[in-house]
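Enquirer: One structure, as structure tokens, below. Some questions next.
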Amino acid sequence: MTNNKDEINIYEVVALLFQIISYMPEAERRKLQSVLIDKRPEIENRKNLSLLISSLSETESRRLLRKLVNWYHSKSIELREYPRKSFPIPVEYSNNGISFVYFMQNISNGGVFIRIDGNFHIAQKIRLTFSLSTVEKGIKVSGRVVRVDSQGIGVKFDELINAKAISKSFASKTQVLDKSIRP
């Protein structure tokens, strides 16, 4: 099969299959297993879901991946350990003595997603400061980049924070600022 430049390779397909399956409830996995057993009666250890997945052809694997992606998107499952809250405040990132200000898209106790257009890589250590420049000293956190895409980066904090307290603190400071700059 000719590999289209935008098409993922079979190893990535299989990895994504296993990743999505790991999110499935046990009952959904059993349903999938029974469907695969019906398609693969020749497999000796049919109770082994990974053997069933591995026995699929590339075309069958891609078809299954499309179905599982649709299943995944149809579920409103929060897979994060700490649910995120949308909270667009400035966040400062410093590198080699130069500071950059970006906007956080959402935050949780365990991490943050930042709209950013820089060269970042997975596992990169990063130090951030959440601040409103005219109000007090900012809140400093450190973490590592766990996701990079065209929209920005996902950062997992080294230590848990109280995201609810931070959002309340910034919300009240923003109200104070709004009152102070109104005519």
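Enquirer: Name the residue that is modelled with the highest pLDDT, counting only residues in the range 30-57 that are loosely packed, with under 14 Cβ neighbours inside 10 Å and either hydrophobic (A, V, I, L, M, F, W, C) or touching a helix residue (DSSP H, G or I) at 6+ places or on another chain (Cβ under 6 Å) (or both).
Expert: The extreme case among them is Val35.
Enquirer: Modelled with pLDDT under 85, β-branched (Val, Ile, Thr) and under 28 Å from Gly154 (Cβ atoms): is that true of Ile10 in this structure?
Expert: no
Enquirer: In contact with an Asp or Glu (Cβ under 7 Å, 6 or more places away or on another chain), modelled with pLDDT of 80 or more and either assigned by TED's automatic domain parsing to the domain that holds Glu28 or not charged (D, E, K, R) (or both), is that true of Gly111?
Expert: Answer is no for this residue.
Enquirer: Still on this structure: Report, by residue number, each residue of the range 117-148 that is closer than 18 Å to Pro88 by Cα, among the aliphatic types (A, V, I, L, M) and modelled with pLDDT of 85 or more.
Expert: Once the filter is applied, which keeps residues that are closer than 18 Å to Pro88 by Cα, among the aliphatic types (A, V, I, L, M) and modelled with pLDDT of 85 or more, the range 117-148 yields Leu128, Val141.
Enquirer: Is it true that some residue in the range 149-159 is outside any loop (DSSP other than H, G, I, E, B), hydroxyl-bearing (Ser, Thr, Tyr) and at pLDDT below 85?
Expert: Checked against the condition, which is being outside any loop (DSSP other than H, G, I, E, B), hydroxyl-bearing (Ser, Thr, Tyr) and at pLDDT below 85, the range 149-159 yields no hits at all.
Enquirer: Right, Ser180: more than 30 Å from Tyr23 (Cα to Cα), over 20 Å from the mean Cα position of the chain (by Cα) and modelled with pLDDT under 75 or not?
Expert: yes
The values are calculated or read from the model by the stated rules, or taken from the named source; none is laboratory data. Being a predicted model, the structure only gives us computed values, none of them experimental. Virtual Cβ from ideal backbone geometry, glycine too; neighbours counted across all protein chains shown.
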